[in-house]
Ligand SMILES: [Zn+2]
């Protein structure tokens, strides 16, 4: 499952932080998740809890911050929010559009006790 691989990757990063900074408890994990990452928040939270069990992350709150998909039109330069995966420019209808945000998937911050 998509989410399991994601959470596994996140925990590699968290565990590195935990051993480097001698963290005793992680109380909150803030994630930035772009809408284009196609992550189901409920599934992600469920996986997170499974991985956290028995570690210093157990009981931590997972905060998922959504990042909307935005595009930049190559023809007219307009930057706009992409709705329903429609990447055409709303201004000039050009379909040569660069994705400016929406693929994010990273840990924004950790609240910890050392
Ligand atoms: Zn345009």
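Only one of (1) touching a strand residue (DSSP E or B) at 6+ places or on another chain (Cβ under 8 Å); (2) away from the ligand (no atom under 13 Å from the Cβ) is not met by residue 91, so which one is it? For residue 91, the exception is condition (2). Report yes if some residue within the range 59-82 is touching a residue at least 60 places away in the same chain (Cβ under 8 Å) and either touching a helix residue (DSSP H, G or I) at 6+ places or on another chain (Cβ under 8 Å) or more than 16 Å from the ligand (Cβ to nearest atom) (or both); otherwise report no. Within the range 59-82, not a single residue is touching a residue at least 60 places away in the same chain (Cβ under 8 Å) and either touching a helix residue (DSSP H, G or I) at 6+ places or on another chain (Cβ under 8 Å) or more than 16 Å from the ligand (Cβ to nearest atom) (or both). Meeting the requirement of 3 or more residues that are within 20 Å of the chain's Cα centre (by Cα), the strands (runs of 3 or more DSSP E) wholly within the range 1-103 are 25-34, 61-67, 97-101.
No value in this document is a laboratory result; all are computed from the given coordinates. Because the structure is predicted, anything quoted here is derived from the model rather than measured. Note that we place each Cβ from the backbone using ideal geometry, even for glycine, and neighbour counts take in every protein chain shown.
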